[in-house]
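In what follows, a structure is listed as structure tokens, so that the remarks can point back to it.
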Amino acid sequence: MSSSAARYRALPDARQDLDHDSDREEDDAILNNGRSGNASDGQNQTWLERVTQKVTFWKSPWRRNKSSPLEQDLVRRYLDQTNISSAYVSGMKEDLELYGDELNYFTTFFSISYCLMLIPSQVIITYVRPSYWLPGLEIAWGFVTAFIAFTQNAHQVYVLRVLLGLFESSAWPGMMTLFMYWYTPMELAKRMGFYHSCQALGSMVSGALQVAILETLEGTWGLRGWRWLFIINGIMTLAVGLAGFFMIPDYPKLPNPRAFWLTADHAVMATERLDRHGRSDTKRITWASAKRTCSMWIAYFIPALYIATVLAPYGYNYFNLFLKSLKNPDGAPTWTTEEVNAIPIAGGAINVVCVWIWAILSDVFQTRWTLVVAQAAIGLIPCIIMSVWTSHPDTTPLSSAYASYLMTYLSLGTAPLVMSWLSELLPQDSEARTLIIGYSIAGVYAVLSWSQVLIWPASQAPYYAYAWQLSVFFWILVIAMCVGLRVAEKKLSR
């Protein structure tokens, strides 16, 4: 076993010795060696740019009007998670007579099964190719999503939400794990950030899709619009799941043979780049590696930090409930159902832009902790305002609540930075990285399975008793933990 200093430091020597531009030149030389005829295609694009664009699932210059299937995958996956809220405010509440906290329990049942399956899934992808495992589960949850359209009561939804959590638990942590096997510290946060921002796009698509469905499919074949949302979402999921068999790259030293877009030279280049940055290759998780991970203090610290960053801004999930609760003086709803679904799209747009900005700044300046602290400081402002508004709604301007909900979206870019930080703390221990990602996300869903029912009950919306006050506490905790982890990191890297 390596020493604690070697295990937890972020390879400062490698950072000092490697300049980003020179690294690019070396990578181009690897792939262009003996291939001068292909060195230029008139688009002035290096081979490194090509492969990173491909593996990041980002837009390639020669396909400017298309996003890749895997970028679409996270959009669609988060659409699965947010469509229940869109459906709730679009007629599902009244049709299924959900007049208590059923919406919270939908999240509870989903979170429990998600939490239980997540860590086993992280272990499985070290034994089974991710290009088999991840798409297979996605196809299964596509069917489950479509089945929700035909439910008649809350109990049927509960059962399907349990199955949905089991099948969806592999997606986000599995992809974050794969990123750590393909990217160096110079680009990891950007790649994770681009992928993570698709969650916001999924939320935006959910609202826009529900508006379109209400306007075009409401009552078609005797089905309400919210039911069509689940049917269409399920079909989208099945299509992307099938594409995943060909689009998920697997690992640099064990590339997906069905990935027609990824050549052997690309895999070799990725492997040599990671070797130069001291990154280890994938290893199967064993009982010994699991026990070793459990003995590390960082295996508990990073999950605690990640959980705090998720819980602190969690109120943004209930922006639509806030809008739905507002009434005009005559008692009529302030916003129509279409508007309740459409207005949060603005928050999603803010989220996308900010996640990109935070991630790019993190890689450019090679810092994680400072930008997490900056987001926490920004996040404190709307939480404090909402703490006042929920306690004194009659004397606090309603406009402050609108502004606060939108401002909350500014601080949703912490996840890529925390995961990039983890990769730098454990560059040589792929088993521990994989397990700690699982611990972190499983911890979030374990806490959400009970906390959102108590802290954000739908029956209290939008005047939550102490939810926003707890958010203030979590943001302060995030700041303290980041400073503490940075101090420990510097000591261990000496």
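The values are calculated or read from the model by the stated rules, or taken from the named source; none is laboratory data. Values in this document were obtained by computation on a predicted structure and should not be read as measured data. In this analysis, Cβ positions are derived from the backbone assuming ideal geometry, glycine residues included, and neighbour counts consider all displayed protein chains. Quick note on the areas: whole protein, heavy atoms, side chains included, nothing else; ligands and nucleic acids left out. Shrake-Rupley method; radii C 1.70, N 1.55, O 1.52, S 1.80 Å.
Some points to look at:
- For chymotrypsin sites (Phe, Trp or Tyr not before Pro), the sites in the range 246-306 that DSSP calls loop and that have at most 12 other Cβ atoms within 10 Å are Phe260, Trp297.
- Computed extension length for Ala403-Ala377: 7.7 nm, one decimal, from 0.36 nm per residue of separation with the Cα-Cα distance subtracted.
- Per-residue SASA remark: Lys491, around 130 Å² accessible (1.4 Å probe; ligands, DNA and RNA not included).
- Accessible surface, the range 119-214, averaged per residue in Å² (probe 1.4 Å): 27 Å²
- For the range 87-187, carbon and sulfur atoms together expose 70% of the accessible surface, with a 1.4 angstrom probe and every protein chain in place.
- Each label was represented as a point 7 Å from its Cα along the Cα-to-Cβ direction; for Trp287 and Ile360 these points are 5.0 nm apart.
- Farthest positive-ward along the range 319-412 dipole, Cα basis, beta-carbon charges - from Thr408, Gln375, Ile345: Gln375
- Å² of accessible area per residue within the range 359-472, as computed with a 1.4 Å probe and no ligands counted: 31 Å²
- The range 260-334 shape via C-alpha gyration tensor axes, a/c threshold 1.5: oblate
- The range 170-265: C-alpha gyration tensor shape, a/c 1.5 cut-off, then a/b vs b/c: prolate
- Modelled label reach - Leu254, point 7 Å along Cα→Cβ, the range 260-275 residues with backbone N closer than 17 Å: 267-268, 271
- Neighbourhood charge, 10 Å Cβ-Cβ cut-off, centred on Val211 and excluding it, Lys, Arg +1 and Asp, Glu -1: -3
- Apportionment of accessible area to carbon and sulfur, the range 201-270, percent (1.4 Å): 75 percent
- The range 95-134: chymotrypsin sites (Phe, Trp or Tyr not before Pro) in DSSP coil with no more than 11 other Cβ atoms inside 10 Å: Tyr99, Tyr127
- Modelled spin labels at Tyr300 and Ser493, positioned 7 Å past Cα toward Cβ, are 2.5 nm from each other.
- Computed magnitude of the charge dipole of the range 80-178 (debye, nearest 20; Cβ of K, R +1, Cβ of D, E -1): 380 debye
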